[in-house]
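In what follows, a single structure is set out as C-alpha cells and then discussed.
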Amino acid sequence: MAIPFFPVNIKFTVRRSQPELVAPAKPTPREVKQLSDIDDSDAQRFQLPLVHFYPHKPSMTGKDPAQVIKRALAQTLVFYYPFAGRLREGLGRKLMVDCNAEGVIFIEADADVSLHQFGEPLQPPFPFFEELLYSVPGSEGIINCPLLLIQVTRLKCGGFIFAARINHTMSDGFGIVQFLKALAEIAQSACEPSIPPVWCRELLNARDPPRISFTHNEYDEVPDDETRSHVMVHHSFFFGPNELMAIHKMFPHHHHGPQNSTFEVLTAFIWRCRTIALQLEPDREVRLMCSNNVRGKSNSPLVPPGYYGNAFVFPAVVTTAGKLSRNSLGYALELVKKSKAMATVEYIRSVADLMVIRGRPNLVSTRSWVVSDVRRAGFRDIDFGWGKARYAGPAMAGSGDFLGTSFFIPQENAEGEEGIVVPICLPLKSMMLFIKQLENMLISKL
C-alpha cells in the first residue's frame, strides 16, 4: 500500500446502500467466449480503478444520477453482455468468459462533502478513495468474480462521483471508454450504442505454430533484489503549458526531421529524474516500457472499430542507472523514441506467441517504469447528462500490485489551462529527491 505524500485535509462520511448485482435488461446469449492472447497475460490480471468527478448541473436538478446510471447499465449490458459474465481458466491458463448474465456490482451512496473540497486541480491520490469505490469482500478476484464494479456517490453540492473498477483482462483504456460512452449514451436516452461492440478476440491470438520473432526485454526474467521495507508514497504532478514548454527546450532540436512530441520529452524527462531520485548503483539495469496501442497502427488494422479488448504492448528499452543519470536528456529521449518505434504489427504478433510459449508471464517489475498515455482515450468525454467531468481517468498510479506504472492524464488547472497530470509512486526518500530534482531543472528554465 502507498500513502499520499501531501494528504488533502478533508473529512467526510459516505453512506452506502447494499451492493447489488445488475444483470442485462433482456435475455443475452449463454456462451463461453475466449479472451485473446494479448488480453490474457499476467500484466493484465488486475482490477483497474477509475474515477470521474461531475459538478452540479442546475438543469438536472431532481434527477438522481445513481438511478439514471443503474437503469442505463442494465440496458448497456445487453450489448456488452460478456461484462455480466465471469472469467474461467482453462488449459495453459487460458482465460474465457462464461457469459452467464450473473451481472455486475452496483453501489449507490451519499457523501456529506462538496466537490470543491477535494481541491484544485483534482488529481490522484484522492482522499478516502476506498469509501468512493467500496471493494465488496470476495469480489476482488480475477477468476469467478464480477468483472465490473460501479459506485455512484451523490455529493451535497448536487454533483456526484462515478467510480468504477474493471477487470483489465477484459478491456484496455480505449475499450473501457467505449463501454462507458455507450453507458453514457444510453443514460441520455439512446436506444443503442453509437459504436456497436465487436468481440473478435481471436484476431490477437498467437499464431500456429507460435514463434517469438523479437527480443522482448519487458518479459526478461530478472531477479527481484529490491528491498520492500520502505514506505511508498503517491503524489501527482501537473505539467501545464509553461512547464511543458520549458521541458521541450531542454532537448536537442532537429531542424529537418520530425519534432519531438510532448509524450516523448515528458517521458524522457520524468524517467531520468525518477532514476536519479532512486539512487541506484550505477551498473543496475533500468527499464522503460511505453504502453503502445495497436489501434490504427497500419493500413490494414489488426482490430476493427468497436473492438473493446486489450490491444496494446509494452516494448521495453533497457539501460543502466549510471548511463541514464550521467548522459544528457537526449540519451533518454532516443530510448523513448526507440520504445515507441518497436510496436509494429509483427511485434504484437510476437508478444501473443510469447504468451503461449512462456505461460503468460508478467512484465519485469524490478527497476521498471511503465507509462500509459491516456490523453486520447476519451475519459473526459463521458457525459451521463451532467456535462463533462472535472477529472476523469485512472484513480491512482500503479497497476495491481505493481506500483511503477504512471498515467498521462489530460487535465485543466484552476486557470483553465490544459495540461497533463502524472501520478507517481516512489519510496518516501526518493519522492523527496524527485521533487527537488524536478524543481531544480524546471526553475532554471521557467
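The values are calculated or read from the model by the stated rules, or taken from the named source; none is laboratory data. On a predicted model such as this, the values are computed, not experimentally measured, just so you know. Quick reminder, even Gly has a Cβ in these numbers, built from the backbone with ideal geometry, and neighbours come from all protein chains shown. Keep in mind that these areas ignore ligands, DNA and RNA; they rest on the heavy atoms of the full protein, side chains included. Shrake-Rupley method; radii C 1.70, N 1.55, O 1.52, S 1.80 Å.
Tabulated data for the structure shown
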| read-out | value |
| --- | --- |
| Criterion violated by Glu264 - all others in (1) under 24 Å from Arg376 (Cα atoms); (2) charged (D, E, K, R); (3) outside any helix (DSSP H, G or I); (4) at pLDDT 95 or above satisfied | (3) |
| Residues that are open to solvent by less than 50 Å² (accessible area, probe 1.4 Å) and of a type in the set (A, V, I, L, M), drawn from the range 200-218 | Leu204, Ala206 |
| Test: residue in the range 287-308 that is in contact with a Ser or Thr (Cβ under 9 Å, 6 or more places away or on another chain) and open to solvent by 60 Å² or more (accessible area, probe 1.4 Å) | yes |
| Filter result (of a type in the set (A, V, I, L, M, F, W, C) and either in contact with a Lys or Arg (Cβ under 9 Å, 6 or more places away or on another chain) or open to solvent by 10 Å² or more (accessible area, probe 1.4 Å) (or both)) within the range 160-186 | Phe160, Ile161, Phe174, Ile186 |
| Verdict on Ala66 being under 25 Å from the mean Cα position of the chain (by Cα), modelled with pLDDT of 95 or more and not in a loop (DSSP other than H, G, I, E, B) | yes |
| Asp39 vs. criteria at negative phi, crowded, with 19+ Cβ neighbours inside 10 Å and of a type in the set (D, E, K, R) | yes |
| Which listed residue is within 14 Å of Pro315 (Cα to Cα), surrounded by fewer than 19 Cβ atoms within 10 Å (Cβ to Cβ) and touching a residue at least 12 places away in the same chain (Cβ under 8 Å), from Thr366, Thr344 | Thr344 |
| Residue selected from the range 72-116 under the condition in a helix (DSSP H, G or I) and without any contact (Cβ under 8 Å) to a residue 60 or more places away in the chain, by the criterion surrounded by the most Cβ atoms within 10 Å (Cβ to Cβ) | Leu77 |
| Condition met for Val318 (in a strand (DSSP E or B), over 30 Å from Ala187 (Cβ atoms), open to solvent by 10 Å² or more (accessible area, probe 1.4 Å) and modelled with pLDDT of 95 or more) | yes |
| Candidates His248, His234 - the one that is surrounded by 14 or more Cβ atoms within 10 Å (Cβ to Cβ), farther than 20 Å from Thr344 by Cα and more than 21 Å from the chain's Cα centre (by Cα) | His248 |
| Selection within the range 411-446 - within 30 Å of Gly141 (Cα to Cα) and in contact with a helix residue (DSSP H, G or I) (Cβ under 9 Å, 6 or more places away or on another chain) | Val422, Ile424, Cys425, Leu426, Pro427 |
| Among the candidates Leu302, Leu335, residue that is closer than 25 Å to Leu403 by Cα and hydrophobic (A, V, I, L, M, F, W, C) | Leu335 |
| Those residues of the range 276-286 which are under 21 Å from Tyr219 (Cβ atoms) and crowded, with 22+ Cβ neighbours inside 10 Å, in sequence order | Val286 |
